[in-house]
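The values are calculated or read from the model by the stated rules, or taken from the named source; none is laboratory data. Note that the coordinates shown come from a computational prediction; the quantities given were computed from them, not determined experimentally. Cβ coordinates were reconstructed from backbone atoms using ideal geometry, including for glycine residues, and neighbour counts include every protein chain displayed. The accessibility values were calculated without ligands, DNA or RNA, using every heavy atom of the protein model including side chains. Shrake-Rupley method; radii C 1.70, N 1.55, O 1.52, S 1.80 Å.
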Amino acid sequence: MTVPDPGLLPNAQTDPGVEDGLGDGVMAAAIRAHDWSRSRLGPPETWPRALHTVLRIMLGSRYAMWLAWGPDLTFFCNDAYRPTLGTKQAWALGAPANRVWAEIWPDIGPRIAHVLRTGEATWDEGLLLFLERSGYPEETYHTFSYSPAPDDEGGVGGMLCVVAEETERVIGARRVGTLRDMAAALAGARGEEEVCRALVQGLGTNARDLPFTLTYLLDPAAEQGHGVARLAAVTGLAADHPLAAPRLDLDAAEPLWPLRFGVDLQELPLAPILARCGGPAPTGAWDRPPVRAVLVPIVAQGETRPAGFLIAGENPFRPLDDAYGGFLRLAVAQVAAGLSAAWAFEEERRRAEALAELDRAKTAFFSNVSHEFRTPLTLMLGPLEDALNDVGTTLAPAQRRRLELAHRNALRLLRLVNTLLDFSRIEAGRGEAAFRPTDLAALTADLAAGFRSAIERAGLWLETDLRRIDPPIHVDRDMWEKIVLNLLSNAFKFTFAGGITVRLEATATEVTLSIADTGVGVPAAELPRLFERFHRIEGQQSRSFEGSGIGLALVQELVRLHGGRIGATSILGQGTTFTVTLPRGSAHLPRDQLAEADRTLPDATGPSITRVEAFVAE
C-alpha cells in the first residue's frame, strides 16, 4: 500500500518545535497542525499531563500504536500505524474512534468498553477484521492488546492499542498450506483421474482464497483457439451448477468462459457471466460472491500450448496482487506437474501392457512351438536308438558314426526345446513343482557321475564333497536335476585345464551347493548380466557354441521357485564358482506343491539318462 506523502496531511508542519516533546514525526507534526479548537479536547496546552505523556510514548515508538482518549474516544496514532489507516489517513486524526473504525466497531467496541470500564487489558492474536481502508472491505488479521491509558487523577483516561498486522503472514501460511496439501495429494496420484481427485482435495480446502475453481482440460486434438475443453475438476460448486459447464466449445461466439490461450493471469468479469448463467452466486467461505474470476493456463513443462485452464473465483476481500497471482501460478504449476506425471505414467502403463501382451504372445509361441518340435524329435529318437541298439544287425563303422551323430544332435535339440518349454512355463506362471524330501547328496552325486567320464576324457578332474544331510531337503527332483546339470555343463564347457569341484554344505537354516571350476573365468563387467536371458559373453573361449543363452536364466528361475538364491564369483583366467543356497524345511514353499516322500523309490531317484546324455553329448 502506498503511504501518502506527509505533505498531503492537513496542515502538516515540517519544522516542528521541541517544546512539546512529541518529536519530529509525521503524526507529531499533524497533531501540532490540527485545529483542536473544534474538539472537546480543546487546545493542546490545556490537555491533561497524562495525555501528553501517553502521546510522547506512542509517537516515540516504532511499533504500531493508536490511542482513543476521553469520552469521545478521540483518535491518535503514530507513524508506524499510518499504513493500517489506508485512505483514512486524511481525516482520522482527532475523529472519534468509533467513526474511524465504524466497519469493525461491532468487533472492537466491546473490547474497548471493557478496558475503559474495568481497567483490564485485552489480548487478541490473529483476529480477522474487515477493514475498509482501500475502498472495499479487506480481509486483514491483527494481533493486538488494548490497555488502559491513565488520566491525571489515576483513573482511566483512554485506551492504548499496541498492534501488529499479520495479514500477509496469516494469508501466506494459508496459501502455503494449500500448496502443501496439493503436493501431498498429488504425490500418490496415478493417472489423470487420480490427479483430478487430488486437485479437488487440495484446492477445496481453501475456500477463502479460492471460493470456487473449475479445471478444464483440452482435448489432445485441440488446436490454438479451437477445439473443446472438458471439465475435469470442480470445487466450491455443485456438479450441476450453471457455471460448471461440462464442455466448452472454444469456437463458440459467446462461450460461458471465454478461454484464451496465453501464459499470464487473465481476469474474467464474473458478474456478466453470472448474469448469463442465471445461477446462484458461489461464495466459498464468505458471505458475498467474488466479483471477478481469474483464468490461469495449465502449461506442462517443456510445452508451449496449454493443456487446460484453471478458472478460480477471486477472494472478494483481497486484491489480486503479486502474492495472490504467485499463489495461483504455483498451484497451477503443481497441477501441470501432476498431469504430466500422470500422462507419463499412463503412457508407461500402456507401454507395459503392450510389452506384457507381446510377452504373453511370445510365451504362448514358445510353448506351442516347443510342443510341436518335441513331437517329431521324439519320433526321430526312437528309430535312431532302435537302430543303434539292434543286436541283430551289424552296422558298418561309418554308418554307426552317422547314426550316433544324428542321435547326439537330436538329443541336443531336444534339450534346447525342453529348456525353452520350461522357461516359457515359468514366465507364464505355470511352473509346476512337487517338492519332496530328498537325499540331496545322493541325487547330486548321481548327476555328477554322469559327467565324470566325459570330464576325465578331457584330461580334467572331478572332485565331489557331498555329505548326507539330515533331515532330507525339500526339492523338486526334476528341477534340481536341471539346476545341477546346467551348472556342471557350464563348468565343463569353459574349463580346459584343472578340474571341477562339486560341494554340498549345510547350516541349521540353509543348504548350499557350490560348483567351482578352474576355467577361463568371467570378466567383472559381465558378472551382473550373467543370469540375463539370452545374454552371451562375446569372444568367450568354450568347448562349443551351441545353446540358447537361457541356461543360467532358467537355473535362476528354478532356484527362485525353491525359495532360494544363486550367485556367482569369478576371476578372469582362474575360474568361476556358482553358489546355490536353499532354505531348509518347507515353510517357505507353497503348501499345495508339497509332496510326500515316494516310498516306492530310494530317497535319491536316479536322473534321466536321456537328459544327462544330452548334456554330456554337447
As an exercise, take the mean of 1/r over every pair of distinct alpha carbons in region 292-335, invert it, and state the Kirkwood radius in angstroms. 11.1 Å
Scattering profile of the chain at q = 0.06, 0.09, 0.10, 0.12 Å⁻¹ [log10 I(q)/I(0), Debye over alpha-carbon scatterers]: -0.64, -0.85, -0.95, -1.14
Give the Debye-formula value of log10 I(q)/I(0) at each listed q (0.12, 0.17, 0.20, 0.25 Å⁻¹), with one equal scatterer per alpha carbon of region 14-93, two decimals each. -0.30, -0.64, -0.92, -1.51
So what does the Cα-only Debye profile of region 314-355 read at q = 0.18, 0.31 Å⁻¹, as log10 I(q)/I(0), no solvent term? -0.61, -0.95
Per 5 Å bin, what percent of the C-alpha pairs of region 474-517 does each bin hold, from zero upward? 5, 19, 25, 23, 15, 8, 3, 1
Treat each spin label as a single point 7 Å out from the Cα along the C-beta direction, and report the residue 113 to residue 469 distance in nm. 9.1 nm
Given 10 Å bins starting at zero, what is the percent of C-alpha pairs of region 68-146 in each, up to the one with the largest pair distance? 17, 52, 29, 1
Distance from region 160-194 to region 372-420 (C-alpha centre basis), Å: 78 Å
Gain on full stretching of the segment that runs from residue 406 to residue 577 - 0.36 nm per residue minus C-alpha separation: 58.2 nm
Residue 391/residue 453 FRET efficiency (R0 30 Å; Cβ-Cβ; nearest 0.05): 0.85
Where only protein heavy atoms count, and the probe is 1.4 Å, what is the accessible area per residue for region 42-99 in Å²? 43 Å²
How large a share of the accessible area of the chain, in percent, is made up of carbon and sulfur atoms when the probe is 1.4 Å and the other protein chains stay in place? 53 percent
Cβ-derived FRET efficiency at R0 30 Å, residue 266 paired with residue 228, nearest 0.05: 0.95
Quickly work out the residue 365-to-residue 344 label distance, labels modelled 7 Å from Cα along the C-beta direction, and quote it in nm with one decimal. 3.2 nm
Electrostatic dipole magnitude of the chain [Cβ: Lys, Arg +1; Asp, Glu -1; Cα centre; debye, to 20]: 1700 debye
Loop only by DSSP, 16 or fewer other Cβ within 10 Å of the Cβ. Give me the chymotrypsin sites (Phe, Trp or Tyr not before Pro) in region 448-543 that pass, ordered by residue number. 496, 534
Using only alpha-carbon positions, what ratio does the radius of gyration of region 212-343 give when scaled by 2.2 N^0.38 Å? 1.01
Region 153-193: trypsin sites (Lys or Arg not before Pro) falling in loop per DSSP and having at most 14 other Cβ within 10 Å: 190
For 130, 578, write out the residues from largest to smallest accessible area, computed with a 1.4 angstrom probe and no ligands counted. 130, 578
Per-residue [θ]222 nm for the chain (sum of -39500 (n - 2.57) over DSSP H runs n ≥ 4, rounded to 500): -13000 deg cm²/dmol
Filtered GluC sites (Glu not before Pro), region 165-259: DSSP coil and at most 16 other beta carbons within 10 Å: 223
Taking +1 at the Cβ of each Lys and Arg and -1 at the Cβ of each Asp and Glu, which of 74, 447, 383 sits farthest along the dipole of the chain towards its positive end, judged by Cα position relative to the Cα centre? 383
Just to verify a number: FRET efficiency for residue 505 and residue 205, C-beta to C-beta distance, R0 = 56 Å, to 0.05? 0.35
